[in-house]
1. For the chain, take the longest principal axis of its alpha carbons; what is the angle in degrees between that and the long axis of helix 339-350, to the nearest 10 within 0 to 90?
2. Do you know the Lys pair count in the range 93-235 for C-alpha distances under 22 Å, with sequence separation 8 or more or different chains?
3. Given the DSSP H assignment, sum -39500 (n - 2.57) over each helix run of at least 4 residues in the chain and divide by its residue total; what's the result at 222 nm in deg cm²/dmol, nearest 500?
4. Output the Kirkwood hydrodynamic radius of the range 200-312, Cα pairs only, in Å rounded to one decimal.
5. If you count only protein heavy atoms with a 1.4 Å probe, what accessible area per residue comes out for the range 158-248, rounded to a whole Å²?
6. Tell me which of Ala321, His351, Asn308 sits at the most positive position along the dipole axis of the range 294-362, charges placed on C-beta atoms (Lys, Arg +1; Asp, Glu -1).
7. Mind pulling up the Rg/Rh value for the range 70-169? Radius of gyration and Kirkwood radius, both on Cα.
8. Would you work out the relative contact order for the range 167-321, in percent, from Cα pairs under 8 angstrom that are 6 or more residues apart?
Amino acid sequence: MQSLTNHYHQLLGLPSNWTVETVKLSITGKQVEIRLIYAGNHVECPVCGQTGKRYDHSGEQRWRHLDTMQFETILVARLPRCECKEHGVKTAQAPWAARHSRFTLLFESFAIELLQHCANIKAAADLLRLSWQAVNQIMRRAVARGLSRRNTEAMAYLGIDEKSFKAGHQYVTTLNDLEQGCVLEVLEHRTGEAAKALLESLNQQQKQQVKAVAADMWQPFASAVRELLPQADLVHDRFHISKYLNEAVDAVRRKESRMLDQAGDRRLVGSKYVWLRNPEQMREQQRLELNKLLAGEFKTGQAWALKNLFRVFWQLGCADAASTFFEYWSRRVDEVGLTPMIKVKEMLRRHLVNILTYFRHRITNAVSEGLNSKIQIVKASARGFRQFESYRNRILFYCGKLNMALEA
Ligand SMILES: [Zn+2]
């Protein structure tokens, strides 16, 4: 047994004033319990770091450690209390764990590492044999640590975006750093107040350094930017715009398909995604499918052509050329005369000034679209987030690019 206690003393990298008292092995419980004892007469005050006399020991505590040969390993100890001249009696910090953590530094670091690289939170939790609650606790602490370390360097390009939450019935608003490609903060609801509060989370200096913000054409977002970042350009980004165009194409298709269906023609039924696909990413089969539909000379095909024609807009070299193109495109839309397309065109015209800002900054929420795939990981494991707080923590854990490392 002596060698086992020595072994654990070395394995845990304990300071000399801590000793391993016993190592209790439960074969049936598949558990190793390591009891540690503080032998020193002096204790460091956790507040000021000065060494004071040992006063007594606090109550017994337990910490989950990394498994030993697949045996769950638990450290048990009573932390010494220090009598500090300045701060009175204080419980010392355990050298193997972060304050208020039920896990050792090594275990917690391993859990964070695993969660970060696992595309499935449930699988990581199972592998660690941790409850949902424990996983949430580790993530919450990791995010808080990361946010406190976040450098407050200038952020020139921001994005305001929304994500669905609670199986799509509710929304959260996110503030993204478009250069770093990360989520800075998440707030509940999709409102002007949420957008304002997000921008308020920046300090005065940061606010002044923002050059442009990419956001949807939604008025409350625009107002928040104008009010709080008056010097910044608003850029209505292409990803939101292409979403509106796609919705318009689909509105045309639904109406047309319904009318054809009444006459027994079912060619447009189930064709929704054929019209929405990006032509560059189509496989041969999908291209044939589209060509067949285009040959049918449907109104939907005309709407589809207008949507695709608009892609040229983003490829132009400057705002003047884009503005000229927009007039040409608008005329085409009017000639074709499909109401859903005309509606989008009018909306774009109303916001054209803040769409043309794209050519000055060339920012889009594309970065946050990339973040969406990570947010899918978060959502896939959600099973209905009851609490906004845990959803926020998970978004920041996976998409915040935070330094969440534990310091030994
Ligand atoms: Zn002190």
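The values are calculated or read from the model by the stated rules, or taken from the named source; none is laboratory data. Here the structure is a predicted model, which is why all the values come from computation and not from measurement. Every residue, glycine as well, gets a Cβ built from its backbone with ideal geometry; the counts of neighbours run over all protein chains shown. In case anyone asks, the SASA skips ligands and DNA or RNA and just uses the protein heavy atoms, side chains included. Shrake-Rupley method; radii C 1.70, N 1.55, O 1.52, S 1.80 Å.
1. 70
2. Details: Lys122/Lys163; Lys122/Lys166; Lys163/Lys196; Lys196/Lys207; Lys196/Lys211.
Total qualifying Lys-Lys pairs in the range 93-235 comes to 5.
3. On the way: 18 runs with 199 residues, N = 408.
Calculated at 222 nm, the ellipticity per residue is -15000 deg cm²/dmol.
4. So the Kirkwood estimate lands at 16.8 Å.
5. Ligands and nucleic acids excluded, the figure is 40 Å² per residue.
6. Farthest along the dipole direction, towards plus: His351.
7. Rounded to two decimals, Rg/Rh equals 1.09.
8. Values: 141 pairs, mean separation 22.1, N = 155.
Reported as a whole number, the value is 14 percent.
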